[in-house]
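Structure, as C-alpha cells:
Laboratory data are not the source of any read-out in this text; all were calculated from the coordinates shown. Just so it is clear, the model here is predicted, and its values are computed rather than measured. Positions of Cβ are backbone-derived with ideal geometry, glycine not excepted, and every protein chain shown enters the neighbour counts.
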Amino acid sequence: MLPLLRLAGDGANHTLKEVLPTLADQFGLTEAERNELLPSGQENLFRNRVSWANTYLKKAGLLQSERRGYFSITERGKDVLAQHLQSIDVKFLAQFPEFQAFKGASKGESRVEEVPIPEPAVTQTPLELLETAYAKIRSELTADVLDRIKAESASLFERVVVELLLRMGYGGSRSDARVRLSVKAEMRD
C-alpha cells in the first residue's frame with residue numbers, strides 16, 4: 001500500500017492502469033509475475049492486489065476518488081507520507097475510524113453470510129493458509145459488490161441481474177434484454 005500512496009504523493013490524479021507498470025518495476029516483477037492470473041483465471045493477480053490496496057487506502061481516507069477510475073492523495077495521506085513509514089498494512093489503517101467502519105461492514109454488518117476464518121496458526125499448511133485468505137477476500141468482495149449495488153439505482157440492479165442471467169445461459173440475447181429493460185423503464189415512467 002505504501003508504494004501506491006507514494007506514487008499518489010505528487011498530488012496528481014492517477015489511474016490504476018497508469019501506475020501498474022511503475023509499481024511492477026519498483027517491485028522488480030518479472031514478465032511472468034506481471035501476467036500471473038488469479039486462481040479463477042479471470043483477472044491479473046498484480047492488478048487485483050494494487051486495486052485492493054487502492055480500495056483500502058480510500059477507505060482509510062488516505063486516497064480519494066473525485067471521478068470514476070481516478071484516485072489522488074488526501075491531506076491525511078500526505079500526513080501519513082510525512083511520517084516516513086517503512087510500510088502500511090491493515091493494522092496501521094485500523095487507526096482510522098472510516099477504515100474500521102469499512103472492515104466492520106465487511107465482517108458481518110451487511111447481510112452477506114460470512115465464512116468463518118480462523119487466524120493462521122502454525123499447524124496450518126500453506127494450502128490451508130491460501131484457502132483461508134481466498135475465503136476472506138471472497139467474503140469481503142461479496143460485501144463490497146453488494147454495498148455498491150445497493151448504493152446505485154434500481155435500473156443498475158436490473159441490468160446486473162439480466163447480465164448475470166445471460167452469462168449463466170438463461171434467456172435470450174443481450175439485445176432482447178435491452179429491449180425488455182427499456183420497455184420496463186418506460187412502463188415505470
By per-residue mean of other Cβ atoms within 10 Å, what is the highest-first order of 55-64, 40-49, 135-144, 14-23? 55-64, 135-144, 14-23, 40-49
Pair-distance profile P(r), taking every C-alpha pair of the range 1-109, with 5 angstrom steps and integer %: 2, 11, 21, 22, 20, 15, 7, 1, 0
